[in-house]
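To keep things clear, I will list the structure first and then write my remarks on it.
The values are calculated or read from the model by the stated rules, or taken from the named source; none is laboratory data. Not measured: the values here are computed from a predicted model. Every residue, glycine as well, gets a Cβ built from its backbone with ideal geometry; the counts of neighbours run over all protein chains shown.
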Ligand code: G3H
Ligand code: 13P
Ligand code: ZN
């Protein structure tokens, strides 16, 4: 098995009413935890790399880790650039062996977003690589993704056909109320996704794969594990799992998860050190962290995404 694009995965996911998990990877333990989980439940996977991950771990290391995961699992895996912000970054990932890239032109005007996305699509398609575009803006804060609440704007369904037909993108990320990071909603807020907007988009783009960013549920078990072991995270609420299940049964074929992986890994490491303050062998605290990621991903695949048994 070699790296694959997401084309076949999305076609089956759309027809089957489930979604493919797109998990962010930054190091070996994260790649191993995710792919071992997917192997156990026979799920196709998208592993995605942000520009921050690429700076942290280096393109070649990440490529080789993902290639190793394919050898070990024999699963269909798509390697995707998350939030590419320039043509040059997308080109570098395409030339370097990625099978999918996102060009996130959502901070540009509609016209400039179309022009930039189209340029990436032309380069990618000539080389057999698929492209995700984005319309609408998510709130939230990540290293390289910072949009204030005030700037967040839902996707306008009236724009989607023109965007897709003029750019030729293979999938479209939309903003319907999710947001990046661990602080999506404050306690007392009632998280709601705009399924009415998703329905309108679905009607205008029949059989077209939609992508949901910012879809971590901010699982309380891991926030508590951090806070009960010396951490100080403010209370936060993520995207409820039943809403993700509903989105997956509709046109959403790719669901992006990063923050939940970070919380699971950090919670597990904090707990380990609280219980074993004298230990200093990284293998000792990275093993349970990898297992925490594996269990989290298995749970997402089986109970939220529905992609188990679909590889
Ligand atoms: O949406 C962004 C991802 O969570 C990646 O975050 O840029 O901090 O690697 P990062
Ligand atoms: P979360 O921060 O909700 O995990 O979203 C990740 C994401 O959208 C990566 O592109
Ligand atoms: Zn994102």
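A few points about this structure:
- Of everything listed in (1) under 26 Å from residue 62 (Cα atoms); (2) surrounded by 23 or more Cβ atoms within 10 Å (Cβ to Cβ), the single unmet condition for residue 138 is (1).
- Qualifying position, being out of contact with any strand residue (DSSP E or B) (no Cβ under 7 Å at 6 or more places or on another chain), on the phi > 0 side of the Ramachandran plot and surrounded by 20 or more Cβ atoms within 10 Å (Cβ to Cβ), among 214, 177: 177
- Cβ-Cβ under 7 Å pairs, at least 6 apart or on other chains, the stretch 74-96 side farther than 15 Å from residue 117 by Cβ, far side assigned to a strand (DSSP E or B) and away from ligand 2 (no atom under 14 Å from the Cβ): 75/45; 77/45
- Residue match in the stretch 52-72 (condition: in contact (Cβ under 8 Å) with a residue 60 or more places away in the chain and within 16 Å of ligand 3 (Cβ to nearest atom)): yes
- Here residue 286 meets the list (1) away from ligand 2 (no atom under 16 Å from the Cβ); (2) in a helix (DSSP H, G or I); (3) in contact with a strand residue (DSSP E or B) (Cβ under 8 Å, 6 or more places away or on another chain); (4) closer than 26 Å to residue 73 by Cα almost entirely, failing just condition (3).
- Test result for residue 87, touching a strand residue (DSSP E or B) at 6+ places or on another chain (Cβ under 6 Å) and farther than 18 Å from residue 155 by Cβ: no
- Those strands (runs of 3 or more DSSP E) lying entirely in the stretch 72-137 with at least 3 residues farther than 18 Å from residue 165 by Cα: 77-84
- Scanning the stretch 39-56 for residues that are more than 14 Å from residue 255 (Cβ to Cβ) and more than 10 Å from ligand 1 (Cβ to nearest atom) turns up 39, 40, 41, 42.
- Between 210, 226, 201, 219, the distinction of being within 16 Å of ligand 1 (Cβ to nearest atom) and modelled with pLDDT of 95 or more belongs to 219 only.
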